[in-house]
1. Does any residue of the stretch 194-204 turn out to be touching a residue at least 12 places away in the same chain (Cβ under 8 Å), basic (Lys, Arg) and out of contact with any Gly (no Cβ under 6 Å at 6 or more places or on another chain)?
2. Quickly run through the stretch 96-111 and pick out the residues that are in contact with a strand residue (DSSP E or B) (Cβ under 8 Å, 6 or more places away or on another chain) and under 20 Å from ASP69 (Cβ atoms).
3. Scan the stretch 1-11 for residues that are under 22 Å from GLY512 (Cβ atoms) and open to solvent by less than 60 Å² (accessible area, probe 1.4 Å) and report the count.
4. Could you please give the count of residues in the stretch 338-387 that are among the aliphatic types (A, V, I, L, M) and closer than 18 Å to MET444 by Cβ?
5. Six or more apart or on different chains, Cβ under 8 Å: which pairs go from a residue in the stretch 294-314 that's closer than 14 Å to VAL203 by Cα and touching a residue at least 12 places away in the same chain (Cβ under 8 Å) to one that's of a type outside the set (Lys, Arg) and open to solvent by 60 Å² or more (accessible area, probe 1.4 Å)? Could you list them?
6. Can you run down the residue pairs with Cβ atoms below 9 Å, 6 or more apart or on separate chains, where the first is in the stretch 460-486 and open to solvent by 50 Å² or more (accessible area, probe 1.4 Å) and the partner is part of a helix (DSSP H, G or I) and small (Gly, Ala, Ser)?
7. Can you spot a residue in the stretch 184-199 that is in contact with a Ser or Thr (Cβ under 9 Å, 6 or more places away or on another chain), within 30 Å of SER347 (Cα to Cα) and assigned to a helix (DSSP H, G or I)?
8. Count, please, the residues in the stretch 19-37 that happen to be in contact with a Phe, Trp or Tyr (Cβ under 9 Å, 6 or more places away or on another chain) and crowded, with 17+ Cβ neighbours inside 10 Å.
Amino acid sequence: MLQQLYIKNFALIDVLDMEFHSGFSVITGETGAGKSIILGAIGLLLGQRADSKTVKAGADRCVIEAHFDLSHYELEDFFQQNDIDFDAADTIIRRELTAQGKSRTFINDTPVPLTMLKELGDRLMDVHSQHQNLLLGKHDFQLSVLDIIGQCDKALGNYQQAFATYQETTKRLEALREEIELNRRNADFLQFQHTELAEARLVDGEQEELEQRSETMTHSEDIKAALYEAEEALQGDDRGIVSQLKKTTAALNAIANVLPGADELAQRTNSCYIELKDLAAEVSSRLENVDFDPAELDAVNNRLDRIYELQKKYHVESIAQLLAMQEELRVKLSAIENSDEALAELSVEVEKQKATCQQLADALTAQRQKAAKAIEKQMRERLVPLGMPHVRFETQMEHGELGRMGQDRVAFLFSANTSTPLQPVAQVASGGEIARVMLALKAMISGAVKLPTIIFDEIDTGVSGKIAEQMAQIMAEMGAGGRQVISITHLPQIAALGTTHYRVYKEETAQGTTSHMVMLSADERVTEIAQMLSGSNVTEAAIANAKQLLKIEN
């Protein structure tokens, strides 16, 4: 539950530091005093989008921080999954917003994205404002009420998992049908392409070898001339390098007995002689084998032209890519031949998955129908004390196509008296009746969901007197057992039943208008409720009436 709320430099608030307690608390104050500002700050803590205009004029940034006690709400898994330190007795959420529009969010001093803050906020607090009454006209909200009351989360999760698989397989089936249809329309063209590539008898690495052969034959005369010149230099006549080295070796050997080291020089020159003699033989062999065959050159170039033509036609750059395309075409042609079998297999799988979804959807429907009966019974029991002695409330369920939430379409039907037929609640209920219906629904939901804090923002709109007191009793019951319920109200009957009472007020100073919030003492509560009864001119009768509402003996 919310233990402490700290707000600095937000809208009209300079600094607000307020403690909160379990049970049923009320917040009162004149219209425009700043209650909506406090709710806006809480909304930012719950992950709502921020607006830099809410930073107090003249301030660089605003800070909103809340401390929560989560000891009894089984939220440790959230912190473990997101690698955040967990302190059940004091969980701290902080939001900072600069005047330049930059926003930062923290959970227990760990920076987190806004989506994570919202995920945690949804599990910490429910803020019911007047616009939420519009949810009564939305079928998804009504369906969610059934799922919460019926504790259908497991059944819904099983169904949604199966439905997601069914949808994915259905998409695969449609994609396969489209692919097969396209391939069949292009079958002749695909076959022509495959035949063309197959008849080319391409071999990986062939292109590089052919290009080298073409280059060699094209320059055969240059190659011959260079090899002839090299051969002449190595062993031509008596002036060739090989002959000269042989003579050099012989000369050095002749003086080996009289010149120290001459034998070593002779060995070295002899090694060079042997190597160059071998090199000369290699050059001669190459020279003899250089031959120019115009027919062979034409054949090589024609083969290369065909390869280049295919690469250009199929927009690739290598034989390897052509061979990959040939294999791809083979696979497509094979798929066309076996398409009926593949389509039939996948169609059977889709039908099996659909049957599984239908089975799970039927089980979910049965659970919802049971919840619908419980809701109808509880709603009548809760609404009769709220001034609707002849109320009728029914849950209409219709089956439709399978969807993400199952097959059920739900509508809450309502009639406040016996003479009016049942109709959708959002169409026939007055503002005061809708407020009471929503309160009754929230009371049921709070019993099924472990939500630490519920805030009602003027849910008492359109009611007064005894009905308001009954609504306060319901909120007080919701706040029992450690839950925290806070009601922002203009009605003294509701304010009087709060165990803790806060007042929001505005103050005009030399620096401008500021909003403040204080927790009222017992005497201050009497004065506040008396003002709510009689206005700013508090009379003795109003004070007496306030004490009576507060059950204070004179």
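The values are calculated or read from the model by the stated rules, or taken from the named source; none is laboratory data. None of these values were measured; they are calculated from a predicted model. Cβ: placed from backbone, ideal geometry, glycine included. Neighbour counts: every protein chain shown. The protein model used for the area step is the full one, side chains on, heavy atoms only, and it has no ligands, DNA or RNA in it. Shrake-Rupley method; radii C 1.70, N 1.55, O 1.52, S 1.80 Å.
1. Our first condition is that a residue be touching a residue at least 12 places away in the same chain (Cβ under 8 Å); within the stretch 194-204, this holds for 194, 196-198, 200, 202-204.
Restricting the remaining residues to those that are basic (Lys, Arg) gives none.
No; the residues of the stretch 194-204 include none that is touching a residue at least 12 places away in the same chain (Cβ under 8 Å), basic (Lys, Arg) and out of contact with any Gly (no Cβ under 6 Å at 6 or more places or on another chain).
2. Here is the first cut: in the stretch 96-111, the ones in contact with a strand residue (DSSP E or B) (Cβ under 8 Å, 6 or more places away or on another chain) are 96-99, 103-109, 111.
PHE106, ILE107, ASN108, ASP109 - these are the residues of the stretch 96-111 that are in contact with a strand residue (DSSP E or B) (Cβ under 8 Å, 6 or more places away or on another chain) and under 20 Å from ASP69 (Cβ atoms).
3. 4
4. Summing the residues that are among the aliphatic types (A, V, I, L, M) and closer than 18 Å to MET444 by Cβ in the stretch 338-387 gives 8.
5. As it stands, the answer is LEU304/GLU211, since those pairs meet every condition given.
6. Hits for this filter: THR461/GLY431; THR461/GLY432; THR461/ALA435; GLY462/GLY431; GLY462/GLY432; GLY462/ALA435; SER464/GLY432; GLU477/ALA443.
7. Yes, the stretch 184-199 contains a residue that is in contact with a Ser or Thr (Cβ under 9 Å, 6 or more places away or on another chain), within 30 Å of SER347 (Cα to Cα) and assigned to a helix (DSSP H, G or I).
8. Adding up the residues that qualify gives 9.
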